[in-house]
1. Let's see if you can work this out: charge +1 on each Lys and Arg Cβ, -1 on each Asp and Glu Cβ, no other charges. What is the dipole magnitude of segment 20-104 about its Cα centre, in debye to the nearest 20?
2. If amide hydrogens are placed 1.01 Å from N in the peptide plane, which non-local residues have theirs closer than 5 Å to the one on residue 62?
3. If packing is taken as the average count of other Cβ atoms within 10 Å, what order do 64-71, 39-46 fall into, highest mean first?
4. Residue by residue through segment 70-80, which ³J(HN,Hα) values in whole Hz follow from phi under the Karplus form 6.51 cos²θ - 1.76 cosθ + 1.60 (θ = phi - 60°), with glycine and proline marked x?
5. With N denoting the number of residues in segment 20-104, provide Rg(C-alpha) divided by 2.2 N^0.38 Å, to two decimal places.
Amino acid sequence: MSQVIALQRVRRHPRVECDARARVVCEDSAAEGSAHDLSIGGVWIDRISVPVGATVEVTLWLEWLGPVRAQGTVRRSTADGIGVQFHLLAANDLVRLHRFVCDGLGMLDAG
């Protein structure tokens, strides 16, 4: 009898669902969309069209934490949106993003 082994893609960073306003700047153009599927390492943004490999500046408005700014590279681009891998965040933006993701995963103490 043969066995079929299904390998699940393991992500480097845990992801949380969100519905945050996002602004993406690429060279001299800017567009706004909705951020979903957010992690410390990147984000999926709906309704934006940017080619794979482009360097972008992303601003996310995360509910009670305010704006988070990051520089990243577009790793996936479809008719539905783009996947951005972050590669540069200021320390305070990284702290806010980490707090948002941990809260979404239920990892923060209420106390």
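All of the numbers you see were taken from the coordinates with simple rules; none came from a lab. All values reported here derive from a predicted model rather than from experimental measurement. Cβ atoms come from the backbone with ideal geometry, glycine included; neighbour counts cover every protein chain shown.
1. Values: 8 positive and 10 negative charges, 28 e Å.
Computed about the Cα centre, the dipole is about 140 debye.
2. Placed amide hydrogens put 68 under 5 Å from residue 62.
3. Numbers: 64-71: 15.8, 39-46: 21.1.
By packing density, highest mean first, the sequence is 39-46, 64-71.
4. 8, 9, x, 10, 6, 9, 8, 9, 10, 5, 8
5. Working: Rg = 11.6 Å, N = 85, 2.2 N^0.38 = 11.9 Å.
It is 0.98.
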